[in-house]
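Here the structure is laid out as structure tokens; the discussion comes afterwards.
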Amino acid sequence: MTDRQKTGQLGEAIAKAHLLALGLEVVAEGYRYKRVELDLIARREDGCLLFVEVKTRRGLAWGHPSGAVSATKERNIAKAASAYMREVNHDWEVRFDIIAILLHKDGSHTLEHIEDAFFPGLF
């Protein structure tokens with residue numbers, strides 16, 4: 001496993017723990033549709049599905065992780081979310097979030113949870 005993959009896995013574990021601490025149910029991890037992966041899918045108590053993109057960095061050399069989701073990535077996430085919704089027969093409210101994690105050299109991290117980070121429109 002590469003360092004990049006390890007960083008991604010660590011970030012997703014931190015993000016999952018964050019969602020669980022908020023009282024959300026994580027219903028899927030690493031859901032794949034064609035060539036797109038949805039990092040985490042969570043459900044609120046009211047049934048709303050959250051499609052969560054996790055971006056993790058070990059430094060700011062490549063910019064803050066919250067800025068790493070392009071318009072193309074947003075469209076791909078929306079398409080994969082639509083496929084998941086068809087698969088589980090979900091026609092209720094959805095939300096697209098980003099969790100940006102910056103890992104520090106001392107082992108700590110900073111987490112930013114951006115709710116309703118983007119609105120893909122009709123997909």
If residue 78 satisfies all but one of (1) surrounded by fewer than 17 Cβ atoms within 10 Å (Cβ to Cβ); (2) of a type outside the set (Phe, Trp, Tyr); (3) farther than 21 Å from residue 109 by Cα, what's the number of the condition it fails?
(1)
Among the numbered criteria (1) in a loop (DSSP other than H, G, I, E, B); (2) more than 17 Å from residue 44 (Cβ to Cβ), which one does residue 56 miss?
(1)
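Each row is one residue, and each column tells you yes or no for (1) within 23 Å of residue 45 (Cβ to Cβ); (2) assigned to a loop (DSSP other than H, G, I, E, B).
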residue: 78; (1), (2): no, no
residue: 92; (1), (2): yes, yes
residue: 99; (1), (2): yes, no
residue: 102; (1), (2): no, no
Would it be correct to say that residue 21 is within 20 Å of residue 109 (Cβ to Cβ), modelled with pLDDT of 95 or more and surrounded by 15 or more Cβ atoms within 10 Å (Cβ to Cβ)?
no
Given (1) crowded, with 18+ Cβ neighbours inside 10 Å; (2) over 16 Å from the mean Cα position of the chain (by Cα), identify the lone condition not met by residue 59.
(1)
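The values are calculated or read from the model by the stated rules, or taken from the named source; none is laboratory data. Please read these numbers as outputs of a predicted model, since none were measured by experiment. Neighbour counts run over all protein chains shown; Cβ positions are idealised from the backbone, glycine included.
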